[in-house]
Amino acid sequence: MSRFEVLTNGVLATEIVAGPGLATQPVLPDRAGRHQVIVLTQPGTPRIIADGIAANLRVDHTVVELPDRDGAKSWELVAELYESLARLGVGRHDTIVGVGGGALTDVAGFVASTWLRGIEAVYVPTTVLGAIDAAIGGKTGINLAGKNLVGTFTHPARVVVDTDVLDALPAGIKREGWAEAIKAGFIADPDLVSLFEQFPENPPMVEVVERAVAVKVDVVNGDFREAGQRMILNFGHTVGHGVEIAQGISHGEAVAIGMVAAADLSRRRYGFDYPMRDVLKALGLPVTSTADRRQVEELIWLDKKRDANGLKMVLLDAVGSPRIDYVTADEVALGLDAIGLG
Ligand SMILES: NC(=O)c1ccc[n+]([C@@H]2O[C@H](COP(=O)([O-])OP(=O)(O)OC[C@H]3O[C@@H](n4cnc5c(N)ncnc54)[C@H](O)[C@@H]3O)[C@@H](O)[C@H]2O)c1
């Protein structure tokens, strides 16, 4: 088992543990005064995981199933949940445990951080993307007119990543997570990229998760010196975000396509010479888009990384060496050519 710490002002905010079999062991931090636990999960997540966690809690608990995927991240549902918490008498010293993908931990964190002005949250992420990205860093949120428009910045007390659960994921969901995991390698850990190059068919889950979690924790803890360095996590996301919406594909697939475009811009600016397409293809990820080019362009230029000086993108001058740069419309256009939107 490996252990990581997210700190705020030098104080432990989140303990993250990762390793095989952890969801079959007690997941709560030791703490006096806890009367009950609400376990939130979703129907798409094998129920056996939440039930197993609940059975080991050793405290009164209620398991609540929310709608699947982003269907859980709605204001109406959160209002219903608050009513349930009131009926159950959930108090200041109680805990909400979120068991599921990133959507579930986002809403679990949001409810925990707002109920009684904030109670303890524990996450058991059950997707690769949830484990290495969504569960770490304290961003909680629900969707209103747009995605994640309402949320809080509140760290969970504990994140328990069971790599056996992640190993058992359906291939498609696993692959989506590989896109964010290899992204972590591109921005900060060349050895993680090598792992994917060596074992494209079956990347070693424990090591991949440990390395990708370490990158996210380091970024969140501000170990990367320059101001605004959290933005390096957005490698592949500027174009990826546009493609995700315009083409209606999954986040992980869109990030893969976005990384191909960003690698092309990086090659033109810095001579970044890396077979991005081949490596991502070998992982089973898409490298071209069939979206409407005009719509992708519009979405890119609406991006929140745009400021008065233009559009900022994360580029690479080498694997593990990110640069945050303003890019021109011509460069972006060539990047779109590179993903087949010519
Ligand atoms: N808070 C953050 O910093 C952050 C970062 C990235 C993404 N997110 C959010 O995360 C969400 C995406 O997360 P995701 O990719 O995990 O998707 P998801 O949460 O929508 O889950 C995808 C599907 O996988 C199912 N599932 C979960 N665990 C499973 C398991 N072990 N076996 C089989 N199926 C399982 C889910 O029920 C769902 O049907 C989005 O809402 C996004 O906004 C948040």
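The values are calculated or read from the model by the stated rules, or taken from the named source; none is laboratory data. Every value quoted in this text rests on a predicted model; they were computed, and no experiment measured them. Note that each Cβ is placed from the backbone with ideal geometry, even for glycine, and that neighbours are counted across all protein chains shown. SASA here: full protein model, heavy atoms, side chains in, ligands and nucleic acids out. Shrake-Rupley method; radii C 1.70, N 1.55, O 1.52, S 1.80 Å.
Odds and ends about this structure:
- Alpha-carbon centroid distance for the pair segment 161-221 / segment 230-248, whole angstrom: 18 Å
- Radius of gyration (Cα atoms) of segment 275-342, expressed as a multiple of 2.2 N^0.38 Å: 1.22.
- With every protein chain in place, the chain: carbon and sulfur % of accessible area (1.4 Å): 50 percent
- Gyration tensor (Cα) of segment 171-338, equivalent ellipsoid semi-axes in angstrom: 23, 19, 14
- Average accessible surface area per residue within the chain, 1.4 Å rolling probe, Å²: 43 Å²
- Exposure rank, largest accessible area first [Asp60, Asp51; 1.4 Å]: Asp60, Asp51
- Residue (of Gly284, Pro203, Ala261) at the positive-pole extreme of segment 183-342, dipole from beta-carbon charges: Ala261
- Both numbers refer to the Cα atoms of the chain; Rg and Dmax are 20.0, 61 Å.
- Point-to-point label distance, Glu207-Asp292, nm (Cα→Cβ direction, 7 Å offset): 4.6 nm
- In this Cβ point-charge picture (+1 for Lys and Arg, -1 for Asp and Glu), the chain has a dipole of about 580 debye about its Cα centre.
- Fraction of antiparallel bridges per DSSP, segment 2-167 only, in percent to nearest 5: 25 percent
- Cβ-based charge dipole, segment 2-167, positive-most Cα from Leu12, Ile38, Thr140: Leu12
- Alpha carbon Rg of segment 2-167, scaled by the compact-globule rule 2.2 N^0.38 Å: 0.93
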